[in-house]
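Since every read-out is calculated from the coordinates, none of them should be taken as a lab result. Remember, predicted model here, so these are calculated numbers, not experimental data. Here the Cβ positions follow ideal geometry from the backbone for every residue, glycine too, while neighbour counts run over all protein chains shown.
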Amino acid sequence: MNQFLINKLIIFFNLSDIDECSPSHGPHGGCGQGAICTNTLGSYSCACPLGYTGNAFKQCININECSQGHICGTNALCVDTPGSYSCQCPADTTGDPTVGCVSTIGCTQDSECPGNAVCDLKARTCHCPEPNTGRDCRRK
Ligand SMILES: [Ca+2]
């Protein structure tokens with residue numbers, strides 16, 4: 001139904017819609033903190049955005065994805081953020097943190113280095129030859 005017909009119905013039935021999502025009802029309308037308010041004819045709805053949980057009419061709470069088991073790669077650090085999370089490789093490691101991080105120190109063969117990286121046997125560190133780039137040392 002288009003807005004024109006909705007307006008005609010409002011006049012016909014003498015309905016008056018209150019916009020519960022208007023800023024005059026608070027920063028989140030009639031919804032709780034952090035919620036998404038959607039005004040509907042004669043009513044409204046509240047929903048928590050992606051990455052949040054809780055009662056949308058009271059308060060939406062950040063989901064700590066890092067407390068829900070191992071969601072990052074092997075040896076990677078999980079960092080919770082509002083509405084999301086990120087995976088990071090700790091210092092002296094490299095790789096794709098969503099897959100796994102490997103130490104860049106003490107390698108003895110190429111297979112111990114990520115992607116196309118090679119082990120510098122003298123320095124015993126992983127070296128990423130061009131044109132490979134990134135922490136996972138892959139061709140872009
Ligand atoms: Ca989060």
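When every Cα-Cα distance of segment 23-62 is counted in 5 angstrom steps from zero, the calculated P(r) takes the values 7, 31, 30, 21, 9, 2, 0 percent.
In this structure, the amide hydrogen of Ala35, modeled 1.01 Å from its nitrogen in the peptide plane, lies closer than 5 angstrom to those of Cys60, counting only residues at least 5 positions away or on a different chain. Across segment 23-62, Cα pairs under 8 Å and at least six residues apart give a relative contact order of 37 percent. Rounded to the nearest Hz, the phi-derived 3J(HN,Hα) couplings of segment 19-27 under the Karplus curve 6.51 cos²θ - 1.76 cosθ + 1.60 (θ = phi - 60°) are 7, 5, 8, 5, x, 5, 8, x, x, where x marks glycine and proline. Multiplying the residue separation of Asp120 and Asp17 by 0.36 nm and removing their Cα-Cα distance gives an extension gain of 30.0 nm. Under a 5 Å amide H cut-off, with hydrogens placed 1.01 Å from N, Cys119 pairs with Asp110, His127 among residues at least 5 apart or on other chains.
Between Arg139 and Leu41, the simple label model (points 7 Å from Cα in the Cβ direction) yields a spacing of 5.9 nm.
Put simply, the amide H of Gly30, placed in the peptide plane, has neighbours under 5 Å in Cys21, leaving out anything fewer than 5 places away on its chain. To the nearest 10 degrees, how steeply does helix 3-12 sit against the main Cα axis of the chain, on a 0 to 90 scale? Here the helix axis deviates by roughly 30 degrees.
Projecting label points 7 angstrom from Cα along Cα→Cβ for Val99 and Gln59 puts them 4.1 nm apart. Charges were assigned to the Cβ only: +1 to each Lys and Arg, -1 to each Asp and Glu. The resulting dipole of the chain about its Cα centre is roughly 160 debye.
Mean separation of Cα pairs under 8 Å and 6 or more residues apart, divided by the residue count, gives the chain a relative contact order of 11 percent. Think of the chain as a dipole: +1 on every Lys or Arg Cβ, -1 on every Asp or Glu Cβ, centred on the Cα centre; then among Ser111, Gly134, Cys48, Gly134 lies furthest on the positive end. Ellipsoid semi-axes for the chain, based on the Cα gyration tensor and the rule √(5λ), read 55, 17, 9 Å when sorted largest first.
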